[in-house]
Amino acid sequence: MMPKIVQFLLILVFAGFLVPLYAEEASPPNAEQARVEQRVRAYLDALKIQDLHTAYRMESGVLDGTLTADAFHRRFKSTASVLLDYEIQKVTLESDQATVEFSGTYQYPQLHEPTTMPRRAQWVLIDGEWYHKSGQRQAGAKPRTDPR
């Protein structure tokens, strides 16, 4: 039989290996990642119900004048697909930029069954809020100060 002090030391050593493993697994998710994911969900939920006004206000191009409301609405109205559902797989943060990987399930009028496709979206932190990164600046677009 082992002396009690040896048993105690073995337990401490064994616990020392387990605690860091458990602590990493049980640690709370990154708060900023959670903020990005919440914002992405609000954006995708707006697209799901075709609330283009709300989705448009979450575009970075609204703030820097690179995306007009008319252009945004035309882009979605000209697309025949409808977002039915989505699942966020991964949020990767790098300072004030985020890459969000998700799968989107879309209904296309020419297809009988919905189609699920992997997607990747870029998000950017502006004045403490996350915005979907809009495309390139359009000719004649002027900067706006109030996102409508």
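Whether any residue in the range 62-71 is among the acidic types (D, E) and in contact (Cβ under 8 Å) with a residue 12 or more places away in the chain is what I want to check. Even if it seems obvious, please write down each step before you answer.
Filtering the range 62-71 down to residues among the acidic types (D, E) leaves 64, 70.
With the extra rule that they be in contact (Cβ under 8 Å) with a residue 12 or more places away in the chain, the set shrinks to 64.
Yes, there is a match, as at least one residue in the range 62-71 is among the acidic types (D, E) and in contact (Cβ under 8 Å) with a residue 12 or more places away in the chain.
What are the residues in the range 74-96 that are modelled with pLDDT of 90 or more, touching a helix residue (DSSP H, G or I) at 6+ places or on another chain (Cβ under 8 Å) and under 21 Å from K48 (Cβ atoms), if any?
Scanning the range 74-96 gives L83, L84, D85, Y86, I88, V91.
How many residues are surrounded by 11 or more Cβ atoms within 10 Å (Cβ to Cβ) and within 16 Å of the chain's Cα centre (by Cα) when one looks only at the range 106-122?
Summing the residues that are surrounded by 11 or more Cβ atoms within 10 Å (Cβ to Cβ) and within 16 Å of the chain's Cα centre (by Cα) in the range 106-122 gives 4.
Run down E32, E24, E37 and say which single residue is in a helix (DSSP H, G or I) and either at pLDDT 95 or above or of a type outside the set (D, E, K, R) (or both). Full working, then the answer.
Details: E32 fails: either at pLDDT 95 or above or of a type outside the set (D, E, K, R) (or both); E24 fails: either at pLDDT 95 or above or of a type outside the set (D, E, K, R) (or both).
None of the others qualify; the one that does is E37.
So which of L93, L84, L52, L47 ends up being touching a residue at least 12 places away in the same chain (Cβ under 8 Å) and under 17 Å from V124 (Cβ atoms)?
Values: L84 fails: under 17 Å from V124 (Cβ atoms); L52 fails: under 17 Å from V124 (Cβ atoms); L47 fails: under 17 Å from V124 (Cβ atoms).
After ruling out the rest, the residue left standing is L93.
The values are calculated or read from the model by the stated rules, or taken from the named source; none is laboratory data. Note that the coordinates shown come from a computational prediction; the quantities given were computed from them, not determined experimentally. Positions of Cβ are generated from backbone atoms using ideal geometry, with glycine treated the same way; all protein chains shown enter the neighbour counts.
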